[in-house]
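What follows is a set of notes on a single structure, which appears directly below.
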Protein chains: 2
Amino acid sequence: MTDFWNEHPELSNDLAEVRRVMAEIARRDDFPASDAVSDLVAGGGKLLRPAFLLLASRFGKPKRPDITRLAAAIELLHTATLIHDDVIDGALTRRGVPTVHARHGETVAVLSGDLLLARCFRLASESASPANARLLARLVEDICVAEVRQDFGAYDFSIGRREYLRRVAGKTALLFSLAFHAGASESKVTPRTAERLRRAGWDIGMAFQIIDDVLDFEGCEETVRKPLGRDLAEGVCTLPLIVARSTRGAELDALLAKPPYAEETVRRAVDLVRDSGAVEAARTEAARYTERALKEIDRLPPNSARAELRAVAGKLLLRAC
Amino acid sequence: MTDFWNEHPELSNDLAEVRRVMAEIARRDDFPASDAVSDLVAGGGKLLRPAFLLLASRFGKPKRPDITRLAAAIELLHTATLIHDDVIDGALTRRGVPTVHARHGETVAVLSGDLLLARCFRLASESASPANARLLARLVEDICVAEVRQDFGAYDFSIGRREYLRRVAGKTALLFSLAFHAGASESKVTPRTAERLRRAGWDIGMAFQIIDDVLDFEGCEETVRKPLGRDLAEGVCTLPLIVARSTRGAELDALLAKPPYAEETVRRAVDLVRDSGAVEAARTEAARYTERALKEIDRLPPNSARAELRAVAGKLLLRAC
């Protein structure tokens, strides 16, 4: 489960249950690639999205086991998008295990992602209100749109902050915000609290993704578990680069004019961005979202869930190398 | 729309409306590949699945525009699977237009399929009962399982009739049967009639797919719009081959021992299967399903929908070169 939840025994227990449900759902005896999908689920990350959903639900009266199943659905949705991302990127490993794509080929990977998507919709329609099931479907659409916009804009480093933030919203903030919203509304939280939770989720998602993008420029490779400058090498334009271009545009544009880039080119571009002070500026932007999220959290009804939420958000958004 | 519906003006009108809804749904202004998806939708085939859904609904009291939207959702689901199939097969054209994959690359094709899947679930959750929305999700799972089983079994020509029929069920009969069931149950058809319609749909789907598989051995290439023996070349084992192996096993196995096959090898295998009488045997199997379907249809309440359904099923299942 990683050590991330060590200080949160209750949440940690609930997440173990989410993981059990996920494993049960990922397995289908008549599905020949069940093993690869199960391994991916078992090797899973921090389960942030289900954790936020469960925390939000504690502001009301969570109904079990429905809320656990919905939390599992949200994470499976995330897993489905990862499987398809790996097909797209041709990635060979994920979370330390070979990708479905590497193990069973493209056909199986495309279909495994579809299968999980469908399962997740089924689960949602069984364990959530029709309104939330619809929101989930809508969300998947928005994620796809955001990813396609990013793909169409690959190697276009001239996009502005606004388009960048729009993609971040689609890629990450929407799903975080939905996790908060679904947890709250399924547990009959008051509308005002539900709205605060939804907003906090949005801001946490924005901050989380911006920090993730910053780490691509300054993380220790060990922590980030991927080489520095990978986004840039793949033509994905993120905030540090956007900021750096405002002062070092000519140099950066000359360097990045002709993809694919040699390793040395990527390294030099990463150095240029770091030297420009853009990484700090991007961190400041992330901090703005973090502060807004914490402010929303402080306005929530004071209870153990709020204290825990504050601690988790703080820990998550202050991560550095 | 193709001439298929010429003799059914009412259905033809309804399908034009389905097509309009589909076009509206396929288009999303912020989705850069909207054009390619729309073209695929516009170039669409016979719209068999929505047609059956609408015909089934006429045994009760169809509620518009919900039933039209649900019919569109069923076809979009089919379209989503086609887009992903084209990624998997690396196909360059579909229905005479370049595939999404050929036009915009793999990333966009994978994500476009996901987007349509999600839209289809959203549409279903808006315009169908929760039970039918769940069935639709379940169905997508089953389709994926069937396809993956087929992929895992590629170039294994030793499968039996039973495994073959299981795959046909997952690939085709389930979706046909769901179209009938959804149309009926959303229109408050009596349980007995709904069950008859569901069974008729299943048998029509089975017959339809078996005939499709037969046409891969005997169709004029012009009618089938693909070269003969394509399934076989791709390692997909279908009924004519299974039957032929019972008498010409040694020859066929020797011929097909080492994929990929030269064109000449495929042609010789196709000839062997045809000479063995297996094509007729497979047609007889399809006829068994067709007869069962027509028998179910004849037991339905006598009305204009029944007459039309009988005519459509007959025409569809008697197609030959």
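Restricting to the stretch A:125-143, name every residue that is buried (at least 24 other Cβ atoms within 10 Å of the Cβ) and either within 19 Å of the chain's Cα centre (by Cα) or farther than 29 Å from B:Asp151 by Cβ (or both). Let's see the steps before the verdict.
Going through the stretch A:125-143, the residues buried (at least 24 other Cβ atoms within 10 Å of the Cβ) turn out to be A:125, A:133, A:136-137, A:140.
A:Ala133, A:Leu136, A:Ala137, A:Val140 - these are the residues of the stretch A:125-143 that are buried (at least 24 other Cβ atoms within 10 Å of the Cβ) and either within 19 Å of the chain's Cα centre (by Cα) or farther than 29 Å from B:Asp151 by Cβ (or both).
Just one residue in the set B:Lys46, B:Lys61 is over 25 Å from A:Glu147 (Cβ atoms), at pLDDT below 95 and either away from every other protein chain (no Cβ under 14 Å) or in a helix (DSSP H, G or I) (or both); that residue is B:Lys46. Applying a threshold of 7 Å to beta carbon distances and a minimum spacing of six or more residues, or different chains, the list of pairs starting in the stretch A:173-184 at a residue that is not assigned by TED's automatic domain parsing to the domain that holds A:Phe59 and ending at one that is assigned to a helix (DSSP H, G or I) and of a type in the set (S, T, N, Q) reads A:Ala173/A:Gln209; A:Ala182/A:Asn132; A:Gly183/A:Ser57; A:Ala184/A:Ser57; A:Ala184/A:Thr193.
Scan the stretch A:85-96 and give yes if some residue there is away from chain B (no Cβ under 14 Å) and in a strand (DSSP E or B), otherwise no.
Quick first cut of the stretch A:85-96, residues away from chain B (no Cβ under 14 Å) only: A:92-96.
Within this subset, residues satisfying the condition of being in a strand (DSSP E or B) are A:93-94.
Within the stretch A:85-96, one or more residues are away from chain B (no Cβ under 14 Å) and in a strand (DSSP E or B).
Looking at A:Ile74, A:Ile88, A:Ile67 in this structure, which one is more than 13 Å from A:Ala36 (Cβ to Cβ), of a type outside the set (D, E, K, R) and touching a Cys at 6+ places or on another chain (Cβ under 9 Å)?
A:Ile74
Reported count of residues in the stretch A:14-32, each being acidic (Asp, Glu) and at pLDDT below 90, is 3.
Do we have any residue at all in the stretch B:8-22 that's within 14 Å of chain A (Cβ to nearest Cβ), of a type outside the set (Phe, Trp, Tyr) and surrounded by 15 or more Cβ atoms within 10 Å (Cβ to Cβ)? No.
Mind checking whether some residue in the stretch B:277-298 is farther than 22 Å from B:Arg162 by Cα, assigned by TED's automatic domain parsing to the domain that holds B:Asp151, part of a helix (DSSP H, G or I) and of a type in the set (Lys, Arg)? Lay out the reasoning, then the answer.
Just the residues of the stretch B:277-298 that are farther than 22 Å from B:Arg162 by Cα, to begin with: B:294-298.
Still in the list and also assigned by TED's automatic domain parsing to the domain that holds B:Asp151: B:294-298.
Remaining after also requiring part of a helix (DSSP H, G or I): B:294-298.
From what's left, of a type in the set (Lys, Arg): B:295.
Checked the stretch B:277-298: at least one residue is farther than 22 Å from B:Arg162 by Cα, assigned by TED's automatic domain parsing to the domain that holds B:Asp151, part of a helix (DSSP H, G or I) and of a type in the set (Lys, Arg).
Determine which member of the set A:Ala307, A:Ala281, A:Ala293 is buried (at least 21 other Cβ atoms within 10 Å of the Cβ) and at pLDDT 95 or above. Going through A:Ala307, A:Ala281, A:Ala293 in turn, the sole match is A:Ala293. Might you check whether a residue that is under 16 Å from the mean Cα position of the chain (by Cα), surrounded by 21 or more Cβ atoms within 10 Å (Cβ to Cβ) and either of a type in the set (Lys, Arg) or not assigned by TED's automatic domain parsing to the domain that holds B:Ala184 (or both) occurs anywhere in the stretch B:95-108? The answer is no, given that none of the residues of the stretch B:95-108 is under 16 Å from the mean Cα position of the chain (by Cα), surrounded by 21 or more Cβ atoms within 10 Å (Cβ to Cβ) and either of a type in the set (Lys, Arg) or not assigned by TED's automatic domain parsing to the domain that holds B:Ala184 (or both).
Scanning the stretch B:121-176 for residues that are within 10 Å of chain A (Cβ to nearest Cβ) and of a type in the set (Phe, Trp, Tyr) turns up B:Phe121, B:Phe152. Checking each residue of the stretch B:272-287 against the condition of being without any contact (Cβ under 8 Å) to a residue 24 or more places away in the chain, among the charged types (D, E, K, R) and over 26 Å from B:Leu317 (Cβ atoms) gives no match. Filtered by the rule that a residue be surrounded by fewer than 15 Cβ atoms within 10 Å (Cβ to Cβ) and at pLDDT 80 or above, the stretch A:33-43 gives A:Asp35, A:Ala42.
For the stretch A:253-268, state whether one or more residues are within 19 Å of the chain's Cα centre (by Cα), over 24 Å from A:Leu165 (Cβ atoms), part of a helix (DSSP H, G or I) and without any contact (Cβ under 8 Å) to a residue 40 or more places away in the chain. Within the stretch A:253-268, none of the residues are within 19 Å of the chain's Cα centre (by Cα), over 24 Å from A:Leu165 (Cβ atoms), part of a helix (DSSP H, G or I) and without any contact (Cβ under 8 Å) to a residue 40 or more places away in the chain.
Of all the residues in the stretch A:66-84, those that are more than 14 Å from chain B (Cβ to nearest Cβ) and polar (S, T, N, Q) number 1.
Could you check, for the stretch B:170-178, whether at least one of its residues is surrounded by fewer than 18 Cβ atoms within 10 Å (Cβ to Cβ) and modelled with pLDDT of 90 or more? Checked against the condition, which is being surrounded by fewer than 18 Cβ atoms within 10 Å (Cβ to Cβ) and modelled with pLDDT of 90 or more, the stretch B:170-178 yields no hits at all.
Checking each residue in the stretch A:66-107 for being over 30 Å from B:Glu106 (Cα atoms) and without any contact (Cβ under 8 Å) to a residue 60 or more places away in the chain picks out A:Thr68, A:Arg69. Does B:Pro191 qualify as being in contact with a Ser or Thr (Cβ under 8 Å, 6 or more places away or on another chain) and over 16 Å from B:Tyr289 (Cβ atoms)? The answer is no for B:Pro191. Every listed requirement among (1) surrounded by fewer than 21 Cβ atoms within 10 Å (Cβ to Cβ); (2) at pLDDT 90 or above is met by B:Asp89 save one, (2). Considered as a group, the residues in the stretch B:110-120 that are without any contact (Cβ under 8 Å) to a residue 60 or more places away in the chain and more than 7 Å from chain A (Cβ to nearest Cβ) include one that is surrounded by the most Cβ atoms within 10 Å (Cβ to Cβ), and that residue is B:Gly113.
The values are calculated or read from the model by the stated rules, or taken from the named source; none is laboratory data. This one's a predicted model, so the numbers in the text were calculated from it and none came from an experiment. Methodologically, a virtual Cβ is constructed for each residue, glycine included, from the backbone with ideal geometry; neighbour enumeration extends over all protein chains shown.
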